[in-house]
Amino acid sequence: MSRPVALDLGCGQNKHPGCYGIDHYPFEGVDCVRDLRRGLPLADGTVDVILAHHILEHFDGDDLLFIVEEMWRVCRNGATIDIKVPDASSPNAGKDFAHKKKDWDEWSFQMWEKRDGKYLIERGPLYGIRGEFKVITDMNHRTRDRWYRLTAIKTTGAHDE
């Protein structure tokens, strides 16, 4: 049995132990220096866990759609993605001028959810969405950080598992 593959996207100087760290900047401990807008340098269906703590708010629009699709692409069926971002009500949402998306809420990942085989937000496929996740969301009321746990769902023919 192979060891689970875990990624820490935007790990900075605080890469989680046991993770492969990808960051835009060459901090000490970063395993791969890469702009996420270029995609993840991994094969389809090879990752078990992705941590994306305080990185996705630095993207918006097409870039954000592409990065989430890339995360789904590299995930195995049942893989988890743990995301933390400042909630729309957080003072941290607007403090950092590098934050592009500031309106995170409990519905932010619904474009990747399906019910009865149909996307909850029907226009998702118009934006090129192919992935599917089961989404759980919560909020840390002390820090006002929004937390998402996505489970990758890969069905036969959707993508390599």
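FYI, it's all coordinate maths here, none of it is from the lab. Note that the coordinates shown come from a computational prediction; the quantities given were computed from them, not determined experimentally. Cβ sites come from the backbone with ideal geometry, for glycine too, and all protein chains shown count toward neighbours.
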Would you kindly derive the ³J(HN,Hα) couplings of region 19-25 from the backbone phi angles with the Karplus curve 6.51 cos²θ - 1.76 cosθ + 1.60 (θ = phi - 60°), listing them in order in whole Hz, with x for Gly and Pro? 9, 8, x, 10, 8, 5, 10
Residue among 80, 143, 151 with the largest mean-square fluctuation in a Gaussian network model of the chain, springs linking Cα atoms under 10 Å: 143
Could you list which residues have their amide H under 5 Å from that of residue 145, counting only those 5 or more apart in sequence or on another chain, with H placed in the peptide plane? 87, 140
Electrostatic dipole magnitude of the chain [Cβ: Lys, Arg +1; Asp, Glu -1; Cα centre; debye, to 20]: 160 debye
What is the sum of charges around residue 15, taking Lys and Arg as +1, Asp and Glu as -1, for the other residues whose C-beta is under 9 Å from the C-beta of residue 15? -3
Long-range amide H partners of residue 51, meaning residues 5 or more apart or on another chain whose placed amide H is closer than 5 Å, are 7, 8, 9, 82
Proximal lysine pairs, region 23-161, alpha carbons under 29 Å, eight or more residues apart or interchain: 22
The chain, Gaussian network, Cα under 10 Å: of 121, 55, 81, the residue fluctuating most is 121
Over its Cα atoms, what ratio of radius of gyration to 2.2 N^0.38 Å does the chain give? 1.01
Vicinal HN-Hα couplings computed from phi for region 83-92 (Karplus, 6.51 cos²θ - 1.76 cosθ + 1.60; Hz; Gly/Pro x): 10, 10, 8, x, 5, 4, 8, 6, x, 6
Using θ = phi - 60° and the Karplus form 6.51 cos²θ - 1.76 cosθ + 1.60, what ³J(HN,Hα) does each residue of region 111-127 get, whole Hz, x for Gly and Pro? 5, 9, 9, 10, 9, 6, x, 10, 4, 4, 10, 4, 7, x, x, 5, 8
Under the rule of at least 5 residues apart or a separate chain, name every residue whose amide H is placed under 5 Å from the amide H of residue 59. 100, 101
